[in-house]
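This report concerns only the one structure given below.
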C-alpha cells in the first residue's frame, strides 16, 4: 500500500526549499551538504529525501520557484491596461519587491545556475528568456529605435536587468529609503534614458 501524503506535505517541502535557499546563498551550493541542510531544517537526511530525490532537485526548486514568480508577475502586468511605460514601471516595482522578499533565492539564481543538471538548467533559462523577451518588447514600444530588428534591442533589455538584478546585494529593506522608492528611481533613470536613446 502506498504511503499517504501528509496534509502539510507542501508546507514542509516549501520550508526545506526556503532553508536551502538561505544555506546555498551563504555557503554556495557546493559548499553546503545535505547534512548541513538537514541540520538547518532541524530534521534528518532521510526526511529530506522523503520530499526531494536529490540535492539538485532542491536547487532546482529554489530557482524555478523564484523565476516562475517573476514571470507570473510580468505576464499579469503585461496582460493588463496601461502604456508600455506604465507596464515597465509596474514590472520593475514588482521585480524589486520580489527580489527583496526572496533575496536568498535571487542570489542562488544568479550564482548557482551552472550547478543544475542540463535539462533542469534549460527549464530555468527558458523562463529567464521569456522575462527578457517581455522587457525587450516593452522597451521597443517605448523607444522604437531600440526595438527589433535593431541590434540594440537585446543589449537594452540586458542593461535593464543589469541595473536591477543586483539590488539584493545592497538594498536594505529596513533602511532609510524604502524599496519602493529605489524601484521608482531605477525606473526614472532607465526609462528617461531609454526615451532619448539613439
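Taking the conditions exactly as written (modelled with pLDDT under 95 and either closer than 21 Å to residue 95 by Cα or surrounded by 14 or more Cβ atoms within 10 Å (Cβ to Cβ) (or both)), does residue 132 satisfy them or not? Give the steps one after another, and end with the answer.
Numbers: modelled with pLDDT under 95: no; either closer than 21 Å to residue 95 by Cα or surrounded by 14 or more Cβ atoms within 10 Å (Cβ to Cβ) (or both): yes.
Considered against the rule, which asks whether it is modelled with pLDDT under 95 and either closer than 21 Å to residue 95 by Cα or surrounded by 14 or more Cβ atoms within 10 Å (Cβ to Cβ) (or both), residue 132 comes out as no.
Specify the residue that is farthest from the chain's Cα centre (by Cα); the eligible residues are those in the stretch 58-90 that are part of a helix (DSSP H, G or I) and free of Cβ contacts under 8 Å to residues at least 12 places away in the same chain.
Per the stated criteria, the residue is 86.
Pull up the stretch 96-111, narrow it to residues that are assigned to a helix (DSSP H, G or I) and within 11 Å of residue 65 (Cα to Cα), then point me to the one that is nearest to the chain's Cα centre (by Cα). Give the derivation first.
Here is the first cut: in the stretch 96-111, the residues assigned to a helix (DSSP H, G or I) are 96-101, 103-111.
From what's left, within 11 Å of residue 65 (Cα to Cα): 105-106, 109.
Numbers: 105: 7, 106: 5, 109: 7 Å.
Result: 106.
Can you say whether residue 30 is under 19 Å from residue 95 (Cα atoms) and in contact (Cβ under 8 Å) with a residue 60 or more places away in the chain, as far as the supplied structure shows?
no
Among (1) surrounded by 12 or more Cβ atoms within 10 Å (Cβ to Cβ); (2) closer than 26 Å to residue 126 by Cβ; (3) modelled with pLDDT under 95, there is one condition residue 41 misses while meeting the rest; what is its number?
Tallying (1) surrounded by 12 or more Cβ atoms within 10 Å (Cβ to Cβ); (2) closer than 26 Å to residue 126 by Cβ; (3) modelled with pLDDT under 95, residue 41 fails exactly one: (2).
Please specify each residue of the stretch 153-181 satisfying the condition of being more than 22 Å from residue 97 (Cβ to Cβ) and either in contact (Cβ under 8 Å) with a residue 40 or more places away in the chain or touching a strand residue (DSSP E or B) at 6+ places or on another chain (Cβ under 9 Å) (or both).
156
So which residues in the stretch 124-141 are touching a residue at least 40 places away in the same chain (Cβ under 8 Å) and either closer than 19 Å to residue 168 by Cβ or in contact with a strand residue (DSSP E or B) (Cβ under 8 Å, 6 or more places away or on another chain) (or both)?
Hits for the stretch 124-141 are 124, 127, 128, 131, 135.
If you take the residues of the stretch 129-177 that are under 16 Å from the mean Cα position of the chain (by Cα) and outside any helix (DSSP H, G or I), which of them is nearest to residue 72 (Cα to Cα)?
For the stretch 129-177, the residue satisfying everything is 165.
Please verify whether residue 31 is over 30 Å from residue 139 (Cα atoms), within 22 Å of the chain's Cα centre (by Cα) and exposed (fewer than 13 other Cβ atoms within 10 Å of the Cβ), treating the condition exactly as stated.
yes
Look at residue 121 and say whether it is surrounded by 14 or more Cβ atoms within 10 Å (Cβ to Cβ), under 25 Å from residue 21 (Cβ atoms) and free of Cβ contacts under 8 Å to residues at least 24 places away in the same chain.
yes
Under the condition of being more than 25 Å from residue 111 (Cα to Cα) and in a helix (DSSP H, G or I), which residue from the stretch 188-198 is farthest from the chain's Cα centre (by Cα)? I'd like the intermediate steps shown before the answer.
Here is the first cut: in the stretch 188-198, the ones more than 25 Å from residue 111 (Cα to Cα) are 188-189, 191-198.
Still in the list and also in a helix (DSSP H, G or I): 188-189, 191-196.
Numbers: 188: 22, 189: 22, 191: 21, 192: 25, 193: 25, 194: 24, 195: 26, 196: 29 Å.
Among those that are more than 25 Å from residue 111 (Cα to Cα) and in a helix (DSSP H, G or I), it is 196.
The values are calculated or read from the model by the stated rules, or taken from the named source; none is laboratory data. Small disclaimer: the values here were computed from a predicted structure and weren't measured. All Cβ positions, glycine included, derive from the backbone under ideal geometry; neighbour counts span all protein chains shown.
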